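Read the structure below first, then the notes.
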Amino acid sequence: MASKIGKNVVSFAQPPCVIASAAVTGKTEGEGPLAREFDACYPDDGLGKANWNEAEAELLFQAVTRAIEKGRLYRSDIDLIVAGDLLNQCTASTFGAKDFGVPFAGIFGACSTMAYAMALAALLVDGKGFDNVVAATSSHFCSAEKQFRFPLEYGGQRAQTAQRTVTGGAACVIGRGYEDIIIPRAMFGKITDYGIKDAANMGAAMAPAAARSIAEYLEDTGAEPEDFDMILTGDLGSTGTALLHELAVEQYGMDLTPVHEDCGNMIFDARKQDAHSGGSGCACSGVVVCSRILRQLKEEELRRVLFVGTGALMSPDVVLQGKTIPGIAHAVELVRR
Amino acid sequence: MTENPNAAYQKKVEALSPKSPLLKNCIWAFLCGGALCLFAELLFTAYTGWGAAEKEARTCVSITIVALTALFTALGVYDKAAKHAGAGFAVPISGFANSVVSAAMEYSTEGRILGTAVKMFTLAGPVIVYGCSFAMIYGLIYYFFLM
(Lines give C-alpha, C1' and ligand atoms only; values in the text may rest on other atoms or scores of the structure.)
Protein backbone atom coordinates (compact mmCIF):
# COMPACT_ATOMS: atom_id res chain seq x y z
CA MET A 1 0.00 0.00 0.00
CA ALA A 2 0.99 3.59 -0.43
CA SER A 3 2.38 5.53 2.47
CA LYS A 4 3.06 9.18 3.00
CA ILE A 5 6.64 10.33 3.26
CA GLY A 6 7.32 13.81 4.51
CA LYS A 7 4.44 16.22 4.12
CA ASN A 8 3.21 15.65 0.61
CA VAL A 9 4.86 12.75 -1.21
CA VAL A 10 3.10 9.40 -1.64
CA SER A 11 5.40 6.38 -1.78
CA PHE A 12 4.37 3.00 -3.16
CA ALA A 13 5.64 -0.17 -1.44
CA GLN A 14 5.12 -2.19 -4.61
CA PRO A 15 5.46 0.47 -7.26
CA PRO A 16 3.05 0.41 -10.20
CA CYS A 17 4.79 0.22 -13.56
CA VAL A 18 4.38 1.80 -16.95
CA ILE A 19 3.31 -1.04 -19.23
CA ALA A 20 3.22 0.88 -22.50
CA SER A 21 2.78 4.36 -23.90
CA ALA A 22 1.94 6.07 -27.16
CA ALA A 23 2.08 9.60 -28.54
CA VAL A 24 0.52 10.97 -31.71
CA THR A 25 0.87 14.55 -32.94
CA GLY A 26 -0.09 17.02 -35.62
CA LYS A 27 1.92 18.38 -38.52
CA THR A 28 4.02 21.08 -36.83
CA GLU A 29 5.19 18.68 -34.11
CA GLY A 30 6.05 16.24 -36.90
CA GLU A 31 8.37 18.89 -38.34
CA GLY A 32 10.02 19.51 -34.99
CA PRO A 33 13.11 18.01 -33.37
CA LEU A 34 11.23 15.10 -31.73
CA ALA A 35 9.38 13.96 -34.86
CA ARG A 36 11.04 10.54 -34.95
CA GLU A 37 9.97 9.74 -31.40
CA PHE A 38 6.24 9.84 -32.04
CA ASP A 39 4.04 6.90 -33.03
CA ALA A 40 2.32 8.99 -35.67
CA CYS A 41 2.40 12.57 -36.93
CA TYR A 42 -0.74 13.47 -38.87
CA PRO A 43 -0.09 15.65 -41.90
CA ASP A 44 -3.55 17.24 -41.62
CA ASP A 45 -4.32 18.88 -38.29
CA GLY A 46 -8.02 18.43 -39.02
CA LEU A 47 -7.56 14.64 -39.20
CA GLY A 48 -10.38 14.59 -41.73
CA LYS A 49 -12.91 15.52 -39.04
CA ALA A 50 -15.70 18.09 -39.18
CA ASN A 51 -14.23 20.38 -36.52
CA TRP A 52 -11.28 20.86 -34.16
CA ASN A 53 -13.01 19.27 -31.16
CA GLU A 54 -13.52 16.06 -33.09
CA ALA A 55 -9.94 16.17 -34.38
CA GLU A 56 -8.62 16.46 -30.84
CA ALA A 57 -10.87 13.63 -29.65
CA GLU A 58 -9.44 11.48 -32.46
CA LEU A 59 -5.89 12.25 -31.26
CA LEU A 60 -6.80 11.00 -27.78
CA PHE A 61 -8.54 7.94 -29.23
CA GLN A 62 -5.50 7.10 -31.35
CA ALA A 63 -3.06 7.52 -28.46
CA VAL A 64 -5.11 5.31 -26.12
CA THR A 65 -5.66 2.67 -28.81
CA ARG A 66 -1.97 2.51 -29.64
CA ALA A 67 -0.88 2.42 -25.99
CA ILE A 68 -3.19 -0.53 -25.29
CA GLU A 69 -1.96 -2.34 -28.41
CA LYS A 70 1.70 -1.70 -27.59
CA GLY A 71 1.09 -3.15 -24.12
CA ARG A 72 -0.30 -6.28 -25.82
CA LEU A 73 -3.53 -5.79 -23.98
CA TYR A 74 -7.17 -5.84 -25.00
CA ARG A 75 -9.60 -3.06 -24.27
CA SER A 76 -11.27 -5.43 -21.83
CA ASP A 77 -8.05 -5.55 -19.81
CA ILE A 78 -8.34 -1.84 -19.05
CA ASP A 79 -10.22 -1.06 -15.84
CA LEU A 80 -10.30 2.71 -16.14
CA ILE A 81 -9.30 5.57 -18.41
CA VAL A 82 -8.24 8.70 -16.54
CA ALA A 83 -8.08 11.55 -19.02
CA GLY A 84 -8.44 15.28 -19.33
CA ASP A 85 -7.86 18.15 -21.76
CA LEU A 86 -8.20 21.91 -22.04
CA LEU A 87 -11.57 22.17 -23.73
CA ASN A 88 -14.73 23.16 -21.88
CA GLN A 89 -16.25 20.13 -20.15
CA CYS A 90 -13.22 18.06 -21.25
CA THR A 91 -14.98 17.18 -24.48
CA ALA A 92 -11.94 15.79 -26.28
CA SER A 93 -11.43 13.22 -23.54
CA THR A 94 -15.13 12.36 -23.38
CA PHE A 95 -15.52 11.81 -27.10
CA GLY A 96 -12.09 10.25 -27.51
CA ALA A 97 -12.71 7.71 -24.73
CA LYS A 98 -16.40 7.12 -25.50
CA ASP A 99 -16.00 4.18 -27.83
CA PHE A 100 -13.73 2.07 -25.66
CA GLY A 101 -16.53 0.84 -23.43
CA VAL A 102 -14.21 1.26 -20.45
CA PRO A 103 -14.98 3.14 -17.21
CA PHE A 104 -13.91 6.75 -17.54
CA ALA A 105 -12.78 9.36 -15.04
CA GLY A 106 -12.48 12.81 -16.57
CA ILE A 107 -10.09 15.19 -14.85
CA PHE A 108 -9.00 18.79 -15.26
CA GLY A 109 -5.45 19.82 -14.51
CA ALA A 110 -4.85 22.23 -17.39
CA CYS A 111 -1.43 21.50 -18.91
CA SER A 112 -0.41 19.41 -15.88
CA THR A 113 -2.99 16.76 -16.82
CA MET A 114 -0.50 14.08 -17.93
CA ALA A 115 1.38 14.08 -14.61
CA TYR A 116 -1.90 14.39 -12.71
CA ALA A 117 -3.43 11.42 -14.56
CA MET A 118 -0.30 9.30 -14.12
CA ALA A 119 -0.21 10.01 -10.38
CA LEU A 120 -3.89 9.15 -10.02
CA ALA A 121 -3.50 6.00 -12.12
CA ALA A 122 -0.54 4.87 -10.00
CA LEU A 123 -2.52 5.42 -6.81
CA LEU A 124 -5.52 3.50 -8.15
CA VAL A 125 -3.39 0.58 -9.29
CA ASP A 126 -1.53 0.57 -5.98
CA GLY A 127 -4.86 0.46 -4.15
CA LYS A 128 -5.47 -2.96 -5.75
CA GLY A 129 -8.93 -2.01 -6.99
CA PHE A 130 -7.68 -1.61 -10.56
CA ASP A 131 -5.30 -3.77 -12.58
CA ASN A 132 -4.59 -1.59 -15.61
CA VAL A 133 -5.38 2.10 -15.76
CA VAL A 134 -4.83 4.29 -18.81
CA ALA A 135 -3.65 7.86 -18.16
CA ALA A 136 -4.26 10.02 -21.20
CA THR A 137 -4.48 13.58 -22.39
CA SER A 138 -4.74 15.68 -25.52
CA SER A 139 -4.58 19.23 -26.78
CA HIS A 140 -4.94 20.83 -30.18
CA PHE A 141 -3.52 24.13 -31.38
CA CYS A 142 -6.67 25.05 -33.29
CA SER A 143 -9.23 24.09 -30.64
CA ALA A 144 -7.19 25.90 -27.97
CA GLU A 145 -6.85 29.03 -30.11
CA LYS A 146 -10.59 29.01 -30.71
CA GLN A 147 -11.48 28.60 -27.04
CA PHE A 148 -8.83 30.76 -25.40
CA ARG A 149 -7.60 33.25 -27.99
CA PHE A 150 -8.63 34.33 -31.48
CA PRO A 151 -10.08 32.77 -34.63
CA LEU A 152 -7.36 30.99 -36.60
CA GLU A 153 -7.42 33.33 -39.57
CA TYR A 154 -7.37 36.46 -37.44
CA GLY A 155 -4.25 38.44 -38.27
CA GLY A 156 -2.72 39.37 -34.97
CA GLN A 157 0.75 39.51 -33.50
CA ARG A 158 1.71 37.24 -30.60
CA ALA A 159 3.80 38.30 -27.62
CA GLN A 160 7.32 36.91 -27.39
CA THR A 161 6.35 35.16 -24.15
CA ALA A 162 3.39 33.39 -25.79
CA GLN A 163 3.60 29.66 -26.37
CA ARG A 164 2.25 27.38 -29.06
CA THR A 165 -0.29 24.77 -27.98
CA VAL A 166 0.92 21.32 -28.97
CA THR A 167 -1.40 19.31 -31.22
CA GLY A 168 -1.29 15.76 -29.98
CA GLY A 169 -2.61 12.93 -27.91
CA ALA A 170 -0.68 10.92 -25.34
CA ALA A 171 -1.51 7.85 -23.31
CA CYS A 172 0.20 5.34 -21.08
CA VAL A 173 -1.00 2.17 -19.43
CA ILE A 174 -0.12 1.86 -15.77
CA GLY A 175 -0.50 -1.45 -14.04
CA ARG A 176 1.08 -4.05 -11.83
CA GLY A 177 3.82 -6.28 -13.11
CA TYR A 178 7.51 -6.54 -13.78
CA GLU A 179 7.91 -3.96 -16.51
CA ASP A 180 11.08 -1.91 -16.79
CA ILE A 181 9.78 1.47 -15.71
CA ILE A 182 8.21 1.97 -12.30
CA ILE A 183 6.53 4.84 -10.51
CA PRO A 184 7.87 4.63 -6.94
CA ARG A 185 6.57 7.98 -5.72
CA ALA A 186 4.23 10.76 -6.72
CA MET A 187 3.06 14.08 -5.34
CA PHE A 188 0.12 16.35 -6.02
CA GLY A 189 1.05 20.00 -6.23
CA LYS A 190 -0.39 22.99 -4.42
CA ILE A 191 -2.12 25.85 -6.18
CA THR A 192 0.50 28.57 -6.33
CA ASP A 193 -0.43 32.12 -7.25
CA TYR A 194 2.16 34.84 -7.66
CA GLY A 195 -0.30 37.29 -9.15
CA ILE A 196 0.37 36.84 -12.86
CA LYS A 197 -2.49 38.21 -14.98
CA ASP A 198 -0.94 38.08 -18.44
CA ALA A 199 -2.54 35.23 -20.41
CA ALA A 200 0.27 35.54 -22.96
CA ASN A 201 2.85 34.62 -20.35
CA MET A 202 1.82 31.24 -18.97
CA GLY A 203 5.41 30.27 -18.25
CA ALA A 204 5.57 33.04 -15.66
CA ALA A 205 2.30 31.85 -14.11
CA MET A 206 3.53 28.27 -13.79
CA ALA A 207 7.20 28.72 -12.80
CA PRO A 208 6.48 29.42 -9.09
CA ALA A 209 4.33 26.26 -8.84
CA ALA A 210 7.07 24.20 -10.49
CA ALA A 211 9.76 25.57 -8.16
CA ARG A 212 7.58 24.89 -5.12
CA SER A 213 6.66 21.34 -6.13
CA ILE A 214 10.27 20.43 -6.95
CA ALA A 215 11.50 21.91 -3.67
CA GLU A 216 8.82 20.15 -1.61
CA TYR A 217 9.41 16.86 -3.39
CA LEU A 218 13.14 17.02 -2.79
CA GLU A 219 12.62 17.99 0.83
CA ASP A 220 10.18 15.16 1.54
CA THR A 221 12.32 12.53 -0.16
CA GLY A 222 15.63 13.88 1.10
CA ALA A 223 16.97 13.95 -2.46
CA GLU A 224 19.18 16.49 -4.21
CA PRO A 225 18.60 17.66 -7.79
CA GLU A 226 21.73 15.75 -8.87
CA ASP A 227 20.18 12.49 -7.65
CA PHE A 228 18.00 12.64 -10.75
CA ASP A 229 19.17 12.16 -14.31
CA MET A 230 16.55 14.66 -15.29
CA ILE A 231 14.02 16.94 -13.63
CA LEU A 232 11.52 17.46 -16.40
CA THR A 233 8.92 20.23 -16.28
CA GLY A 234 5.88 20.23 -18.54
CA ASP A 235 5.56 23.43 -20.51
CA LEU A 236 7.32 26.38 -18.93
CA GLY A 237 8.87 27.42 -22.22
CA SER A 238 12.01 29.54 -22.38
CA THR A 239 10.61 32.40 -20.27
CA GLY A 240 9.24 30.09 -17.59
CA THR A 241 12.46 28.09 -17.54
CA ALA A 242 14.54 31.21 -16.87
CA LEU A 243 12.15 32.18 -14.08
CA LEU A 244 12.20 28.68 -12.58
CA HIS A 245 16.00 28.65 -12.43
CA GLU A 246 16.05 32.01 -10.63
CA LEU A 247 13.24 31.15 -8.21
CA ALA A 248 14.84 27.80 -7.38
CA VAL A 249 18.06 29.49 -6.32
CA GLU A 250 16.53 32.51 -4.59
CA GLN A 251 13.67 30.89 -2.71
CA TYR A 252 14.80 27.32 -2.19
CA GLY A 253 18.58 27.41 -2.59
CA MET A 254 18.69 24.71 -5.25
CA ASP A 255 20.51 24.81 -8.56
CA LEU A 256 18.40 23.04 -11.16
CA THR A 257 20.36 24.01 -14.25
CA PRO A 258 22.46 20.80 -14.55
CA VAL A 259 19.46 18.45 -14.57
CA HIS A 260 16.47 20.51 -15.62
CA GLU A 261 14.75 20.09 -18.98
CA ASP A 262 11.40 21.39 -20.15
CA CYS A 263 9.11 19.63 -22.63
CA GLY A 264 8.02 23.02 -23.97
CA ASN A 265 11.61 23.75 -24.95
CA MET A 266 12.14 20.31 -26.48
CA ILE A 267 9.17 19.84 -28.78
CA PHE A 268 9.65 22.76 -31.18
CA ASP A 269 12.59 24.52 -32.71
CA ALA A 270 11.33 27.80 -31.23
CA ARG A 271 13.10 30.03 -33.74
CA LYS A 272 12.56 28.08 -36.94
CA GLN A 273 9.01 27.01 -36.10
CA ASP A 274 7.89 30.42 -34.83
CA ALA A 275 6.84 28.93 -31.49
CA HIS A 276 8.01 32.01 -29.53
CA SER A 277 8.54 30.85 -25.92
CA GLY A 278 8.01 27.15 -26.78
CA GLY A 279 5.29 24.52 -26.65
CA SER A 280 2.40 24.31 -24.21
CA GLY A 281 -0.86 22.48 -23.70
CA CYS A 282 -1.72 19.15 -22.12
CA ALA A 283 -0.17 17.24 -24.99
CA CYS A 284 3.16 19.09 -24.67
CA SER A 285 4.40 17.14 -21.67
CA GLY A 286 2.13 14.23 -22.63
CA VAL A 287 3.71 13.43 -25.98
CA VAL A 288 7.26 14.12 -24.81
CA VAL A 289 6.99 11.84 -21.77
CA CYS A 290 5.01 9.14 -23.57
CA SER A 291 7.56 8.99 -26.37
CA ARG A 292 11.13 10.12 -25.79
CA ILE A 293 11.36 10.07 -22.00
CA LEU A 294 9.83 6.63 -21.49
CA ARG A 295 11.90 5.29 -24.40
CA GLN A 296 15.11 6.67 -22.89
CA LEU A 297 14.19 5.13 -19.55
CA LYS A 298 13.49 1.79 -21.20
CA GLU A 299 16.79 1.91 -23.07
CA GLU A 300 18.58 2.95 -19.87
CA GLU A 301 19.75 6.27 -21.26
CA LEU A 302 17.96 7.66 -18.22
CA ARG A 303 17.48 5.88 -14.93
CA ARG A 304 15.68 8.31 -12.66
CA VAL A 305 13.45 11.13 -13.85
CA LEU A 306 11.27 13.50 -11.87
CA PHE A 307 8.43 14.51 -14.18
CA VAL A 308 6.78 17.70 -12.95
CA GLY A 309 3.69 18.46 -15.03
CA THR A 310 2.94 22.17 -14.93
CA GLY A 311 -0.47 23.73 -15.39
CA ALA A 312 -1.78 27.29 -15.62
CA LEU A 313 -5.27 27.16 -14.13
CA MET A 314 -6.49 29.89 -16.44
CA SER A 315 -10.04 30.89 -17.24
CA PRO A 316 -10.42 33.54 -19.94
CA ASP A 317 -13.49 34.98 -18.19
CA VAL A 318 -11.80 35.19 -14.81
CA VAL A 319 -8.76 36.90 -16.34
CA LEU A 320 -11.10 39.50 -17.87
CA GLN A 321 -12.60 39.97 -14.42
CA GLY A 322 -9.16 41.09 -13.30
CA LYS A 323 -8.20 37.95 -11.43
CA THR A 324 -4.92 36.08 -11.60
CA ILE A 325 -3.71 32.88 -13.26
CA PRO A 326 -2.80 30.39 -10.52
CA GLY A 327 -0.31 27.66 -11.35
CA ILE A 328 -0.02 24.05 -10.27
CA ALA A 329 2.61 21.34 -10.68
CA HIS A 330 2.17 17.62 -10.02
CA ALA A 331 5.22 15.38 -9.68
CA VAL A 332 5.65 11.78 -10.79
CA GLU A 333 8.93 9.96 -10.33
CA LEU A 334 9.85 7.55 -13.11
CA VAL A 335 12.59 5.02 -12.40
CA ARG A 336 14.25 2.34 -14.53
CA ARG A 337 14.09 -0.87 -12.53
CA MET B 1 7.76 47.34 5.36
CA THR B 2 8.89 44.48 3.18
CA GLU B 3 8.07 44.52 -0.49
CA ASN B 4 5.04 42.55 -1.63
CA PRO B 5 6.47 39.22 -2.89
CA ASN B 6 4.14 39.31 -5.89
CA ALA B 7 5.47 42.73 -6.88
CA ALA B 8 9.03 41.44 -6.62
CA TYR B 9 8.12 38.48 -8.81
CA GLN B 10 6.37 40.78 -11.28
CA LYS B 11 9.62 42.74 -11.63
CA LYS B 12 11.55 39.53 -12.22
CA VAL B 13 9.02 38.45 -14.85
CA GLU B 14 9.37 41.76 -16.65
CA ALA B 15 13.15 41.51 -16.57
CA LEU B 16 13.23 37.94 -17.91
CA SER B 17 10.41 38.14 -20.47
CA PRO B 18 11.64 38.93 -23.97
CA LYS B 19 10.03 42.06 -25.39
CA SER B 20 8.33 42.37 -28.75
CA PRO B 21 10.72 43.95 -31.26
CA LEU B 22 9.14 47.41 -31.15
CA LEU B 23 11.31 49.16 -33.72
CA LYS B 24 11.03 46.30 -36.22
CA ASN B 25 7.26 46.13 -35.72
CA CYS B 26 6.96 49.91 -36.22
CA ILE B 27 8.97 49.82 -39.45
CA TRP B 28 6.91 46.91 -40.80
CA ALA B 29 3.67 48.64 -39.78
CA PHE B 30 4.80 51.89 -41.44
CA LEU B 31 5.80 50.19 -44.69
CA CYS B 32 2.83 47.79 -44.94
CA GLY B 33 0.27 50.34 -43.77
CA GLY B 34 1.78 52.88 -46.16
CA ALA B 35 1.69 50.40 -49.03
CA LEU B 36 -1.94 49.62 -48.31
CA CYS B 37 -2.83 53.32 -48.29
CA LEU B 38 -0.91 53.88 -51.51
CA PHE B 39 -2.89 51.04 -53.07
CA ALA B 40 -6.09 52.69 -51.83
CA GLU B 41 -5.02 56.01 -53.38
CA LEU B 42 -4.37 54.27 -56.69
CA LEU B 43 -7.81 52.69 -56.50
CA PHE B 44 -9.32 56.09 -55.76
CA THR B 45 -7.57 57.64 -58.76
CA ALA B 46 -8.75 54.78 -60.95
CA TYR B 47 -12.37 55.01 -59.77
CA THR B 48 -12.51 58.78 -60.25
CA GLY B 49 -10.82 58.31 -63.65
CA TRP B 50 -13.62 55.92 -64.56
CA GLY B 51 -16.12 58.64 -63.84
CA ALA B 52 -17.08 58.11 -60.19
CA ALA B 53 -17.75 61.16 -58.05
CA GLU B 54 -15.33 61.69 -55.15
CA LYS B 55 -17.78 60.48 -52.51
CA GLU B 56 -18.68 57.37 -54.51
CA ALA B 57 -15.06 56.63 -55.28
CA ARG B 58 -14.16 56.71 -51.56
CA THR B 59 -16.94 54.24 -50.78
CA CYS B 60 -15.81 52.01 -53.65
CA VAL B 61 -12.23 52.01 -52.31
CA SER B 62 -13.43 50.82 -48.89
CA ILE B 63 -15.61 48.16 -50.45
CA THR B 64 -12.70 46.90 -52.56
CA ILE B 65 -10.31 46.70 -49.58
CA VAL B 66 -12.91 44.90 -47.48
CA ALA B 67 -13.66 42.44 -50.30
CA LEU B 68 -9.98 41.73 -50.93
CA THR B 69 -9.32 41.24 -47.21
CA ALA B 70 -12.24 38.83 -46.96
CA LEU B 71 -10.88 36.92 -49.94
CA PHE B 72 -7.33 36.69 -48.58
CA THR B 73 -8.62 35.77 -45.11
CA ALA B 74 -10.65 32.94 -46.60
CA LEU B 75 -7.60 31.79 -48.58
CA GLY B 76 -5.64 31.64 -45.33
CA VAL B 77 -2.93 34.09 -46.32
CA TYR B 78 -4.09 37.31 -44.64
CA ASP B 79 -3.05 36.23 -41.13
CA LYS B 80 0.42 35.29 -42.34
CA ALA B 81 0.94 38.73 -43.88
CA ALA B 82 -0.70 40.54 -40.95
CA LYS B 83 1.69 38.84 -38.53
CA HIS B 84 4.45 40.97 -40.05
CA ALA B 85 2.40 44.02 -40.99
CA GLY B 86 0.90 44.33 -37.49
CA ALA B 87 -0.82 47.66 -37.00
CA GLY B 88 -0.17 48.45 -40.67
CA PHE B 89 -2.96 46.05 -41.61
CA ALA B 90 -4.95 46.16 -38.37
CA VAL B 91 -5.66 49.90 -38.23
CA PRO B 92 -7.01 50.35 -41.80
CA ILE B 93 -10.41 48.90 -42.66
CA SER B 94 -8.70 45.63 -43.63
CA GLY B 95 -8.24 44.83 -39.93
CA PHE B 96 -11.94 45.27 -39.33
CA ALA B 97 -12.86 43.07 -42.30
CA ASN B 98 -10.43 40.36 -41.20
CA SER B 99 -11.80 40.30 -37.65
CA VAL B 100 -15.34 39.77 -38.97
CA VAL B 101 -14.50 37.19 -41.64
CA SER B 102 -12.10 35.16 -39.46
CA ALA B 103 -14.70 34.91 -36.68
CA ALA B 104 -17.42 33.98 -39.16
CA MET B 105 -15.20 31.21 -40.55
CA GLU B 106 -14.11 29.92 -37.17
CA TYR B 107 -17.60 29.55 -35.77
CA SER B 108 -19.21 28.18 -38.93
CA THR B 109 -18.89 24.71 -37.38
CA GLU B 110 -21.50 25.73 -34.77
CA GLY B 111 -24.10 26.48 -37.44
CA ARG B 112 -25.13 29.38 -39.65
CA ILE B 113 -27.23 31.16 -37.03
CA LEU B 114 -25.82 30.38 -33.59
CA GLY B 115 -22.29 29.97 -34.94
CA THR B 116 -21.47 32.31 -37.81
CA ALA B 117 -24.13 34.96 -37.22
CA VAL B 118 -23.90 35.16 -33.44
CA LYS B 119 -20.10 35.03 -33.19
CA MET B 120 -19.28 37.05 -36.31
CA PHE B 121 -18.84 40.29 -34.36
CA THR B 122 -17.07 38.96 -31.28
CA LEU B 123 -13.90 40.80 -32.29
CA ALA B 124 -15.43 43.61 -34.35
CA GLY B 125 -18.20 44.31 -31.84
CA PRO B 126 -16.23 46.82 -29.76
CA VAL B 127 -15.35 48.81 -32.89
CA ILE B 128 -19.01 49.04 -33.87
CA VAL B 129 -20.26 49.84 -30.36
CA TYR B 130 -17.72 52.54 -29.58
CA GLY B 131 -17.55 53.77 -33.17
CA CYS B 132 -21.32 54.43 -33.14
CA SER B 133 -21.26 55.82 -29.60
CA PHE B 134 -18.55 58.35 -30.31
CA ALA B 135 -20.12 59.27 -33.64
CA MET B 136 -23.29 60.11 -31.76
CA ILE B 137 -21.44 62.19 -29.18
CA TYR B 138 -19.55 64.00 -31.91
CA GLY B 139 -22.83 64.56 -33.75
CA LEU B 140 -24.42 66.13 -30.69
CA ILE B 141 -21.41 68.40 -30.13
CA TYR B 142 -21.46 69.41 -33.77
CA TYR B 143 -25.21 70.04 -33.72
CA PHE B 144 -25.26 72.22 -30.60
CA PHE B 145 -21.96 74.06 -30.76
CA LEU B 146 -20.59 74.11 -34.26
CA MET B 147 -23.59 74.31 -36.58
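The values are calculated or read from the model by the stated rules, or taken from the named source; none is laboratory data. Just so it is clear, the structure is predicted and the values come from calculations on it, not from any experiment. Glycine also receives a Cβ, built like all others from the backbone with ideal geometry; neighbour counts cover every protein chain displayed.
Within the set B:Lys119, B:Lys55, the sole residue that is charged (D, E, K, R) and more than 18 Å from the chain's Cα centre (by Cα) turns out to be B:Lys55.
Only one of the numbered conditions (1) facing chain A (nearest Cβ under 9 Å); (2) of a type outside the set (Ser, Thr, Tyr); (3) within 29 Å of A:Gly237 (Cβ to Cβ) is not met by B:Cys32, and that is (1).
Counted as qualifying within the stretch B:56-128 are the helices (runs of 4 or more DSSP H) with 1 or more residues that are out of contact with any Asp or Glu (no Cβ under 6 Å at 6 or more places or on another chain), within 7 Å of chain A (Cβ to nearest Cβ) and of a type in the set (Asp, Glu), namely B:93-106.
It is to be established whether one or more residues within the stretch A:37-51 are aliphatic (A, V, I, L, M), within 20 Å of A:Val332 (Cβ to Cβ) and at pLDDT 95 or above. For the stretch A:37-51, residues aliphatic (A, V, I, L, M), within 20 Å of A:Val332 (Cβ to Cβ) and at pLDDT 95 or above: absent. Here A:Gln147 clears all of (1) crowded, with 24+ Cβ neighbours inside 10 Å; (2) not β-branched (Val, Ile, Thr); (3) not assigned by TED's automatic domain parsing to the domain that holds A:Arg271 except the condition numbered (1). Considering the stretch A:239-258, the residues that are in a helix (DSSP H, G or I) and polar (S, T, N, Q) include one that is surrounded by the fewest Cβ atoms within 10 Å (Cβ to Cβ), namely A:Gln251. Do we have any residue at all in the stretch A:207-221 that's at pLDDT 95 or above, at the interface with another protein chain (Cβ under 10 Å from one of its Cβ atoms) and either within 30 Å of A:Lys70 (Cβ to Cβ) or surrounded by 24 or more Cβ atoms within 10 Å (Cβ to Cβ) (or both)? Among the residues of the stretch A:207-221, at least one is at pLDDT 95 or above, at the interface with another protein chain (Cβ under 10 Å from one of its Cβ atoms) and either within 30 Å of A:Lys70 (Cβ to Cβ) or surrounded by 24 or more Cβ atoms within 10 Å (Cβ to Cβ) (or both), which makes the answer yes. The residues of the stretch A:266-290 that are surrounded by 23 or more Cβ atoms within 10 Å (Cβ to Cβ) and either in a helix (DSSP H, G or I) or free of Cβ contacts under 8 Å to residues at least 60 places away in the same chain (or both), listed by number, are A:Cys282, A:Ala283, A:Cys284, A:Ser285, A:Gly286, A:Val287, A:Val288, A:Val289, A:Cys290.
Go over the candidates A:Glu261, A:Glu300 one by one and state the one that is touching a residue at least 12 places away in the same chain (Cβ under 8 Å) and part of a strand (DSSP E or B). Give the steps one after another, and end with the answer.
Numbers: A:Glu300 fails: part of a strand (DSSP E or B).
None of the other options fit; the residue is A:Glu261.
Let's see how each residue does on (1) touching a helix residue (DSSP H, G or I) at 6+ places or on another chain (Cβ under 7 Å); (2) under 27 Å from A:Phe38 (Cα atoms):
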residue	(1), (2)
A:Gly237	yes, yes
A:Thr241	yes, yes
A:Glu246	yes, no
A:Val249	no, no
A:Lys272	no, yes
A:Glu301	no, yes
A:Pro316	yes, no
A:Lys323	no, no
A:Ala329	yes, yes
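Remark: B:Ala135 matches the filter, which requires a residue to be assigned to a helix (DSSP H, G or I), among the small types (Gly, Ala, Ser) and more than 29 Å from B:Ile27 (Cβ to Cβ). Every condition in (1) in contact with a Cys (Cβ under 9 Å, 6 or more places away or on another chain); (2) more than 13 Å from chain A (Cβ to nearest Cβ) is met by B:Cys132 except one, and the failing one is (1). Consider A:Ile231 carefully, then state whether it is aliphatic (A, V, I, L, M), at pLDDT 95 or above, closer than 23 Å to A:Asn265 by Cβ and part of a loop (DSSP other than H, G, I, E, B). It is false that A:Ile231 is aliphatic (A, V, I, L, M), at pLDDT 95 or above, closer than 23 Å to A:Asn265 by Cβ and part of a loop (DSSP other than H, G, I, E, B).
Condition check for B:Glu54 on (1) crowded, with 20+ Cβ neighbours inside 10 Å; (2) touching a Ser or Thr at 6+ places or on another chain (Cβ under 8 Å): one failure, at (1). Of A:Thr137, A:Thr161, all but one fail to be over 15 Å from A:Cys17 (Cβ atoms) and under 16 Å from the mean Cα position of the chain (by Cα); the exception is A:Thr137. Within the stretch B:103-114, the set of residues being surrounded by fewer than 17 Cβ atoms within 10 Å (Cβ to Cβ) and not charged (D, E, K, R) comprises B:Ser108, B:Thr109, B:Gly111, B:Ile113, B:Leu114.
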